[in-house]
1. Restricting things to Cα coordinates, could you compute the convex hull volume per residue of the chain in Å³?
2. Mean shadow of the range 95-140, computed from the convex hull of its alpha carbons, in nm²?
3. If you place +1 on the Cβ of every Lys and Arg, -1 on the Cβ of every Asp and Glu, and leave all else neutral, what size is the dipole of the range 1-130 about its Cα centre, to the nearest 20 Debye?
4. Please identify the longest segment of the chain free of exposed GluC sites (Glu not before Pro), where exposed means a DSSP state other than H, G, I, E or B and no more than 13 other Cβ atoms within 10 Å.
5. So for the range 204-355, Kirkwood radius off the Cα pairs, Stokes-Einstein at 25 °C and 0.890 mPa s: how many µm² s⁻¹?
6. List the longest stretch of the chain that has no exposed loop site; here a site is one of the trypsin sites (Lys or Arg not before Pro) assigned by DSSP to anything other than H, G, I, E or B, with at most 10 other Cβ within 10 Å.
7. Taking the chain as a Gaussian network, where each spring joins two C-alpha atoms under 10 Å apart, which residue of 366, 19, 235 fluctuates the most?
8. Around residue 379, which amide H atoms from residues at least 5 apart in sequence, or from another chain, sit under 5 Å from its own amide H, with H modelled in the peptide plane?
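Computed from the coordinates by the stated procedures, all read-outs in this text should not be read as laboratory data. All values derive from a computational prediction rather than experimental measurement. Note: ideal-geometry Cβ built from the backbone for every residue, glycine included; neighbour counts use all protein chains shown.
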Amino acid sequence: MRILILGGDGYLGWPQSLYLSSQGHDVTIFDNLTRRHFDLERGFASLLPIYTLHERIATWKEVSGKQIQLRIGDTMDYEALSSVFQDVQPEAVVHFAEQRSAPYSMIDRKHAVYTQTTNVIGTLNVLYAIKEFAPACHLVKLGTMGEYGTPNIDIEEGFIEIQHKGRSDVLPFPKQPGSMYHLSKVHDSHNIMFCCKVWGLRATDLNQGVVYGVETDETTQDPRLATRFDYDQIYGTALNRFCVQASVGYPLTVYGKGGQTRGYINLKDTIRCVELAITSPAQEGEYRVFNQITEQFSLLELAEMVTGHSRQLGLETVTTHLPNPRVEAEQHYYNATHTRLIELGLKPHLLNDAVLDGLIRLAITYREQIDRNLILPTVNWRMTKNDVERNDS
Ligand code: NAD
Ligand code: USQ
């Protein structure tokens, strides 16, 4: 199939592009390189060294003999987006190209506006480009489990049957997102559902949990094919951060009580889920939602796993409870349904000792590059204008 990968230079988009190319699909990456710019501006870096996008693509050609096409462009630039749609005539579009950090979106007004603009308007542009230039194309959009928040009932896959005053209906599951970033995904979902209804577009919204891992069958073929491993306080997710903290003897930074429970998924399963969505596409006019997770853990469970495993590697690891910089439930019910991808054929790779071992050893290997200034959180959900100015100075 002709597949357009928006955001194909990112943590997920790059291994996804490699995998789909390895399966014989004709892959084109569209990316504005903004994720790399953020690191350059801040002096942050992926702990696992990553090569330029041009080097990555050339290496893939050398290793596999397959050519990935590249367009540098921004989803906010409708002319660039239209042009790639007209040239590629994609049969599927996988949309990763968004600002994906919750802390980034909560820095201040400017970062919140950037996040919601690039995510919501960027996705709106994608919807119009599909309508105008490739109406039969299937949109596979990366959403987030965080759209649902942490309700005191089981989370369903996108929709719930509701009985109200003697009548019933199947309605979108209630959304209670916890950051300006997570809110942007809710807005996207509404726009996508609307466009499927009115224009007959076909779309799959993948409500994905936190992804971990860096290794896929393709990224391990050459160090120049590696994907990102972020551990900083803005883009680093808790598990990556705990592994890095353990490797340098820093207490694991659990925010608040640590009962925060989230859905998790291995990178290898993420790329397979997207393939499953592409190969069993939504019907014309259909908007469907899959919960893309395989397991769920609380932060304290993650911290215990990292502590236990790092002690086996001879590290002295302890956990600390920091005042929570976020506004979120710290002890709550959580049970999310995730059967639709399993029904399509997903065989999960779970978070076991071998995976933890790989992540902690990765951190140990690159220990010298770890910047301890990136460990403590700097963004507080309750920040005032004065706090932001104090932080900036
Ligand atoms: P990432 O930041 O590593 O990658 C995003 C890529 O998109 C980057 O290469 C960036 O340069 C590009 N990009 C951003 N805005 C763009 C724009 N306007 N135009 C063109 N390119 C643009 O993020 P990731 O971790 O790979 O996440 C990819 C997607 O998956 C995001 O939508 C994110 O919300 C979603 N997601 C990620 C996770 C996770 O744990 N990483 C979990 C759930 C959902
Ligand atoms: N947390 C800590 N200590 C840390 C870092 C985070 O306790 O050092 C806590 C947070 O307070 C939160 C939980 O860990 O309760 C998860 O935070 P995270 O940074 O690991 O992940 P999150 O902000 O939820 O975002 C990540 C991705 C995002 C994706 C989301 C999926 O960055 O793109 O949408 O996971 S989900 O969590 O299902 O919404």
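1. On the way: hull volume 54.9 nm³, N = 393.
Hull volume normalised by residue count: 140 Å³.
2. Details: hull surface 12.9 nm².
Computing the convex hull of the Cα atoms and averaging its projections yields 3.2 nm².
3. Details: 11 positive and 14 negative charges, 50 e Å.
Magnitude of the dipole: close to 240 debye.
4. On the way: sites that count: 284, 316.
With a cap of 13 other Cβ atoms within 10 Å, the longest stretch comes to 1-283.
5. The diffusion coefficient I find is 144 µm²/s.
6. Details: sites that count: 165, 382.
That would be 166-381.
7. Maximum fluctuation in the GNM of the chain, among the listed residues, is at 366.
8. HN-HN under 5 Å from residue 379: empty list.
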